Every structure is written in structure tokens, then in C-alpha cells.
Amino acid sequence: MVIRGRLACQSIGDRQTNRSLIIAIHIVYDDQHTSTPPEDHMPALQTAPAAADYKTMELRPMSGAIGAYVYGIDLKDRKNEAMWAELRRAFLEYHVIAVRGQSLSPADQYEVGRFFGEPCFYPFAKGMDGFPEMTRMVKEAEDRVNFGADWHTDTSYLKEPPRATLLYAVETPPKGGDTLYANTRAAYDALSDGMKTMLKGVIGVFSGGLKHKKGGDRTAHHARITHMAVQKADEANQYEARHPVVRTHPDTGSKALYLSSLHTLRFDGMTEHESRPIIEMLNDHCIEPQFTCRVNWEPGQLTVWDNRCTLHNAINDYHGYRREMRRLTVGPEVPR
Ligand SMILES: [Fe+2]
């Protein structure tokens, strides 16, 4: 079955288009003698469990598929073991948790980060004084380009990408500046059996070069970033890694798509020309509305997300207003 799936995958690349992708899926299905057409294959979403049984915090789910706002806790309360256990549970169940009403110094955020894993260095922006793994993400009122736009999972071009990102809002615009998230576990679950078979064992080649970013690559992108300490654009193409495009979550055992149009150049053993239509299709599938949520920010909000089973996209819709965040990634892990 695996061999058959891979052959179908190769034939897709030869034909280069999504139309041929659909044809290839039908070939797989015909071969399996199934009567279920892939177009009709849409299993029910696995929605997050009810939030009512959390004892130490109030959870308000953001959507049916992903995300919860968290109220009623103090992340500086390091001794509240029940709270931290529930926070970890909420992180695994909802994938994106937005904890409101905090007052965190960089040292506080660093300590919260260490609960989720060892801090990771971000290659393309200088760290903060005393906290070299933490970066300031700033868009001033006069800026027109933001950082973090376009769907992606953080630093997937590293050999050991971070399991979690902690983004803390210092200053937010009066409107706009939301972040979109997509649940790539739910997106994987909703794929047809034929597509799941074809993707089994497929390795993605991830690059930090932003080769396919609208408006230009990493060098062009950094040239338009005015008020952030960006760096190493000239080394971006050297940041390259190979990871399975379907990865298994080490804590939950569930499978999730792991790729993005922004960072996944191609599939290993295939050319970019062959791979891109499939990567684009899977990226578009992941960000269908039923898999997403939208995080609204306010100062003092710490949002923590699971990079192993999500994509995100920072919306650039707040020209004329300042936005300042602190970003920390933690938990380097080899995707498997
Ligand atoms: Fe990001």
C-alpha cells in the first residue's frame, strides 16, 4: 500500500497540476476497490473537549477546532501545581491558549517558557539584553510591513524546531493585529484515505530563505522591516532541514500535517516544480475556515501555541498604530 501511494505521488509530480493530483487520488481509490469518492470523504472534526471541567482556570474556546482563551490565573504563581498541570492539559487539548490578564517581565516570560521547554535561539532577529533567545517584535505606526505574516509553523527549517512559541503582548493596536491559527491535526484527519496513504513516509525540505514569499525572499523581506533587529538574511538559504510532512505528536500520539507554502520548498526526491502544487494544496487545505481560530490580542496577554500541530499567520491590518510583542520559542524537538 505504501509503495502504491508513493508511485501515485511521483505521478502527480510528473503531471504538475492539482487536476492531476485529483486523478491520481482516483487511481488509488480505484485500486483499493472502494466505492467512496474522495470528494465525499469529510470525517467529522474532532472538536476540543468541553472546557467546563477545568478547576483552576476558566477556558473559553475560540472555535470548534482550535484555541481557547484562559482567564483567572496568574502565571507568576510558580507553586500552583494544579494550575500548571491544567495549563499543560489545555495546551495539548486546544493547541493554542491565550492567557489574559498577565503582567510579565521578560524574566517572567522566560520562566513560563521553561515550563514548556528549553529556550531556542531564533536565527533571524537579535535577542534581547539578558535574554538572547527572546526577541522583540515591533511594528511602529509608520511601518507598512509586519513580521510573521503568511501561514507557517515556527522555524520549521531548523533541525530541531521548537515545540511551542510564547508570544506576549506589550502594546496592541486599538483594532486589528489579530493572529490566525489552523489545526493541522484536524486537517490531517479530514484528508481522504488515499491522500493519507500517498503522504506516508514523504519527507519535506524546509528552508529559511522565504523563496516563495510574496514580495520577495528573506533579503527583500528584511529590507522592508524597519524597527526590528533583523539579521542573517544572507545566510537564510543555509537554514535547511528535512522533516516528515505528516508528523506524530510525541505527547498525544495523533498525526498532523507539518508543512507550509512559506517554508516547505519541495518533497525530498522530487523537484520544486513537481512538489509545489501538492504543497500549495495541502497548505490551502489546512487553512480552511473549519480548522481555524482567530486570536484577538490585548496588552498583558500571553499566547502559547503548539508548533507541532498548528500553522499561524499574523494579520497586517493595523497601519497607523504601534504593536509590540515579545517572542520566545522553546522545546527543540526532532519531528518524527
Ligand atoms: Fe511565527
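The values are calculated or read from the model by the stated rules, or taken from the named source; none is laboratory data. Since this is a predicted model, take the numbers as computed values, not measurements. Cβ sites come from the backbone with ideal geometry, for glycine too, and all protein chains shown count toward neighbours.
Can you work out which of the residues in segment 323-333 that are away from the ligand (no atom under 14 Å from the Cβ) and outside any loop (DSSP other than H, G, I, E, B) is surrounded by the most Cβ atoms within 10 Å (Cβ to Cβ)?
Of everything passing the filter in segment 323-333, R323 is surrounded by the most Cβ atoms within 10 Å (Cβ to Cβ).
Quickly run through segment 133-148 and pick out the residues that are in a loop (DSSP other than H, G, I, E, B) and more than 9 Å from the ligand (Cβ to nearest atom). Can you show your working first?
Start the filter on segment 133-148 by keeping residues that are in a loop (DSSP other than H, G, I, E, B), which leaves 133-134, 140-148.
Residues satisfying the conditions are E133, M134, E140, A141, E142, D143, R144, V145, N146.
Do any strands (runs of 3 or more DSSP E) entirely within segment 199-257 hold 2 or more residues that are of a type in the set (A, V, I, L, M), and if so, which? Even if it seems obvious, please write down each step before you answer.
Working: elements: 203-207, 240-244, 246-248, 255-257.
So the answer is 203-207, 255-257.
Out of T172, T155, report the one residue that is modelled with pLDDT of 95 or more, more than 14 Å from the ligand (Cβ to nearest atom) and not aliphatic (A, V, I, L, M). Step through it out loud before you land on a result.
Numbers: T155 fails: more than 14 Å from the ligand (Cβ to nearest atom).
On inspection, the qualifying residue turns out to be T172.
Of the residues T252, T172, which single one is crowded, with 19+ Cβ neighbours inside 10 Å, β-branched (V, I, T) and within 30 Å of Q301 (Cβ to Cβ)?
The unique qualifying residue is T172.
Could you please find all residues in segment 202-239 being surrounded by 14 or more Cβ atoms within 10 Å (Cβ to Cβ) and of a type in the set (G, A, S)?
G204, S207, G208, G209, A233, A236
So if I check each of A125, A190, which one is within 16 Å of the ligand (Cβ to nearest atom) and either under 19 Å from the mean Cα position of the chain (by Cα) or under 23 Å from D306 (Cβ atoms) (or both)?
When all the criteria are applied, what remains is A125.
Please work out which residue is nearest to the ligand (Cβ to nearest atom), limiting yourself to segment 288-322 and to residues that are outside any loop (DSSP other than H, G, I, E, B) and of a type in the set (S, T, N, Q).
Restricting to residues being outside any loop (DSSP other than H, G, I, E, B) and of a type in the set (S, T, N, Q), the top hit is N313.
Can you name the condition, by its number, that Y122 falls short on among (1) touching a strand residue (DSSP E or B) at 6+ places or on another chain (Cβ under 6 Å); (2) assigned to a helix (DSSP H, G or I); (3) touching a residue at least 40 places away in the same chain (Cβ under 8 Å)?
Tallying (1) touching a strand residue (DSSP E or B) at 6+ places or on another chain (Cβ under 6 Å); (2) assigned to a helix (DSSP H, G or I); (3) touching a residue at least 40 places away in the same chain (Cβ under 8 Å), Y122 fails exactly one: (2).
Is it the case that segment 83-95 has a residue that's within 16 Å of the ligand (Cβ to nearest atom), within 21 Å of T252 (Cα to Cα) and part of a helix (DSSP H, G or I)? Walk me through it before giving the result.
Here is the first cut: in segment 83-95, the residues within 16 Å of the ligand (Cβ to nearest atom) are 95.
If we keep only those that are within 21 Å of T252 (Cα to Cα) as well, we get 95.
With part of a helix (DSSP H, G or I) added as a condition, the list becomes none.
No, segment 83-95 contains no residue that is within 16 Å of the ligand (Cβ to nearest atom), within 21 Å of T252 (Cα to Cα) and part of a helix (DSSP H, G or I).
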